[in-house]
Every structure is written in C-alpha cells, then in structure tokens.
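Student: For reference, the structure I am asking about is given below.
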Amino acid sequence: MSWTALILRTQAAFSARQRPVWLVLLALAVEIALLQDVVAATVLRVSGVPNLDVYLGGFCHVAMMSILWTIASADSSSTPSRLGRRFRFWFTALTVTVMLVVELWSIVGAEMTRHRALPMSASRNIITVGWAAYLVFMAVASTDSTRRLWRHGRAASFGALRLALALLCLGTCASVVYVAGRAVTIVDGSEPGSPSALLVMYASMTYFLCFVLGCAIVVVAPVVAGVRAWWQRCRLFHLWRSLTEAVPGVVLEETPSLGRDLLRIRRNAMRLQRRVIEIRDAAITLREWVTSEQLAAVTAEVSEQGLSGMAATGAVTARCLALGRAAKQAGAARSMEVPAVATSGGDDLDSELRWLTAVRTAYRELPQPSADEHSRAVNRERVP
C-alpha cells in the first residue's frame, strides 16, 4: 500500500505542501521493507554487517517521526515558533549523532546483541546508550505529536483530512506504548514471545498500519478528489450544454462534445467550479424569459405530483429553465417581472452540486420544447 501510494503520487514529491507527507511515507515504506526476512538477508549478504538492516530501519523511523513531528507542529493560525523549530532540529540531530556513534562503535567492537539488536545487558552494553537515545526521542516526539494532532483533528472540517489526522494520532499513541514496551524488553532482557515483546509487536503493528493509512490518504486524496470532480463535471455536461447553447456568452472554455469532455482529465476541480458558475449564470439569464404565471403553474403541477424538498425545487427549476430557454431561442420578449427561479443553490460547492444534480435529473426527464412550439404558444396567448 505504501509503495503503491508513493508511485501513484510521485508528483507529490515536487509539491512543497505534500512533500513532507510523501517523505514520511517513503521512510515508512523503506523501514517496512527492511523488516522483511528476504530484505534483511540481502542487506547482510551484501554488506557483511550484522544488524545493519535494524540500524537502517531505526534511522528511517527517526526520520519519519521527525518529519511527522514537524508536520504536527505546523500551525497556520499563528507564527511558527522559532524556539520550537530549533529544539526539534537539535534534538533530532543529537539523537541521530548518538545513534550513529554507538552503532559504529558496536560494529567495530563486534558487540554481542540479542534479537533485533537488543543489548545483551542493559547495564554493560554500549548499545544501550543508542537505544536510550532512540527511545527518549520517540517518547518526546510521539507524545507531543499526539497532542498536536488531536488538536488539529478537532479543528479540521474536511472528512478525509479528519480521518487521516485521527489515524496519525492513533499511530503516535501506539508509538508511546511501543516505547514503554521496548524499554521493558531492554531492561529485563525479555525474549520474543514474552508479554513485553508481544506488547512491542502489537504496538508497532498498530502504528505501522495507522501511519501507512493516514499518510496514504493524505497523499492519494488529491487523486480521489480529482476523479470525483471529473465525474461530477461530466454528469453536468448535458444540462450545461443545453443552457449555454441559449446563453453562449457565459462560456469561457468551449467543449464541443461529451467525448471531448471525458478526455479532459487535468484541472478537474477548476473546470468543475467553472461549469457550476456557467450553469448558474445561464440559469440567472434564462429566468428573465419566464413569467410569474408560468412559475406558479409549474409549482402547482410539481406539488400535484407529490414531490417535496430538493426534488421539488429541482423539478420546478428544471421546467422553468426549459421554458426560458425555448422562449429566448424563439425571440420572445423578456418578462416584465423576473421570477425567483434558480435561487435554491447551496452556500458551498458541495451543496450547490447536490442541488444541480437534482435539477439535472429533472431536466433530463423533460421533453425539451422547440423554438417553433414556443412561438406558436406565444402567438396563441396573444390572440384576444
């Protein structure tokens, strides 16, 4: 999952806003790969250094948590704290330096270790210093990130972002549990299968899953949003095409056919917003050819059909727009009093799209009156 998200969203590595999350996912993917027996055996065979896969995984985890900590510390509502940035930088640099020196020392001195490069004795092994630096960093970074991510999650309004923040917050909580369990395994020499070792395994499994899912949602969300915007834009094509044929002046980008529209897969969000605006502008213009009597008649007819709510307002709007379109194309005069048509949209894009979908559904079910039919109807009305 992590590698798939990385490959699908390689473009995120070149975006200043998404690059940090992409790098977190990259460090996490490399660490997960190093945990596989085949990869660990390959690293040992190529390098000849025991536990090198564990050491590299530790550095990847520090890098991942450092970037995640920086992301969690970002606050758009206030000026970033220079003191906080300096603390995170020097704390991370000191941790990496201690880990590097200890691990190089242990490799040169051929220090004996247990499973996963754990020290043979917590009081007599130089590796304990490296583990202590690693766990202290993880405890501080995870605890502070949990607090900050929880605060960001409560303030977020976008559904996908709230889910991603909740998963990351749960992952940092599991990371704190991992630190506690790993400290126990270092002190008492617990072997695989012991309660503390099982706690470490389940905690690490939890934060791996949460971090992968949370980061993948953030990285892949723009692709999902783009596909959704593309689909919504294409669904509105027939309504847009019918209305803008009568009011061509509102169109900024010509789209001659549905097939051509389907092939336009770039700038989907911008094109969707533009289509909504053009439909709204065309509707506001066409209502000038709808009379108050026609609006009252259409409203009564829709009420007789038992429609209510958005379905009713969408049906009324669709029928009035069809009448206005036919009247304008027939060359009829504007209405002396502009009725309140096409005024039921939402305050944001999502609610506007829901309303336009209702209008689109009702509009497609209507037999579109031609200009000649409307001309005959207008002439009949003028006969005394």
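The values are calculated or read from the model by the stated rules, or taken from the named source; none is laboratory data. Just so we're clear, the structure is a prediction, and the values are computed from it rather than from any experiment. Neighbour counts are summed over all protein chains in view; Cβ atoms, including those assigned to glycine, are modelled from backbone coordinates with ideal geometry. When the accessible area is computed, the model is the full protein with side chains, heavy atoms only, and any ligands, DNA or RNA have been set aside. Shrake-Rupley method; radii C 1.70, N 1.55, O 1.52, S 1.80 Å.
Student: Looking at the square roots a ≥ b ≥ c of the eigenvalues of the Cα gyration tensor of the range 184-270, which shape do they give, rounded for a/c under 1.5, prolate if a/b is larger than b/c, or oblate?
Tutor: Prolate, since a/c reaches 1.5 and a/b exceeds b/c.
Student: How would you classify the range 242-338 from its alpha-carbon gyration tensor, with a ≥ b ≥ c the square roots of the eigenvalues: rounded for a/c under 1.5, else prolate if a/b is greater than b/c, otherwise oblate?
Tutor: Cα axes put the range 242-338 in the oblate bin.
Student: When only Cα pairs under 8 Å and 6 or more residues apart are kept, what is the percent relative contact order across the range 18-133?
Tutor: It rounds to 24 percent for the range 18-133.
Student: Convex hull over the alpha-carbon atoms of the range 268-311: what's its volume per residue in Å³?
Tutor: So the per-residue hull volume is 81 Å³.
Student: Okay, helix-only estimate at 222 nm for the chain: each DSSP H run of n ≥ 4 adds -39500 (n - 2.57), divide by all residues, round to 500 deg cm²/dmol; what do you get?
Tutor: That calculation yields -24500 deg cm²/dmol at 222 nm.
Student: How much of the accessible area of the chain, probe 1.4 Å, is carbon plus sulfur, in whole percent? Write out the running numbers ahead of the final one.
Tutor: Values: 13240 of 20880 Å².
Carbon-and-sulfur percentage of accessible area, whole number: 63.
Student: Now for a different question. Which values of log₁₀ I(q)/I(0), to two decimal places, follow from the Debye formula for the range 116-270 at q = 0.11 Å⁻¹ with a uniform point scatterer at every Cα?
Tutor: -0.63
Student: For the chain, build the charge dipole from Cβ charges (+1 Lys, Arg; -1 Asp, Glu) around the Cα centre, then report which of MET64, GLY109, ALA156 sits farthest towards its positive end.
Tutor: Sorting the options by dipole projection puts first GLY109.
Student: Counting heavy atoms of the protein chains only and a 1.4 Å probe, report the per residue accessible area for the chain as a whole number of Å².
Tutor: Ligands and nucleic acids excluded, the result is 54 Å² per residue.
Student: How fast does the chain diffuse by Stokes-Einstein, in µm²/s, taking the Kirkwood radius from C-alpha pairs at 25 °C and 0.890 mPa s?
Tutor: Answer from the Stokes-Einstein relation: 96 µm²/s.
Student: With the cut-off at 1.5 for a/c, could you classify the range 294-352 from its C-alpha gyration tensor as rounded, prolate or oblate? Don't jump to the answer; show the numbers that get you there.
Tutor: Values: a/c = 2.25, a/b = 1.35, b/c = 1.67.
Judged from the Cα gyration tensor, the range 294-352 comes out oblate (a/c at least 1.5, b/c at or above a/b).
Student: Enumerate by residue number the GluC sites (Glu not before Pro) in the range 297-356 meeting two conditions: DSSP loop (anything except H, G, I, E, B), and at most 12 other Cβ atoms within 10 Å of the site's Cβ.
Tutor: For GluC sites (Glu not before Pro) across the range 297-356 that sit outside H, G, I, E and B with at most 12 neighbouring Cβ atoms in 10 Å, the list reads GLU337.
Student: What are the extents of the Cα atoms of the range 8-57 along their three principal axes, in Å, largest first?
Tutor: For the range 8-57, the Cα spread along each principal axis is 39, 18, 15 Å.
Student: According to a simple spin-label model (label point 7 Å from Cα along Cα-to-Cβ), what is the distance in nm between LEU44 and VAL338?
Tutor: Calculated label separation equals 7.9 nm.
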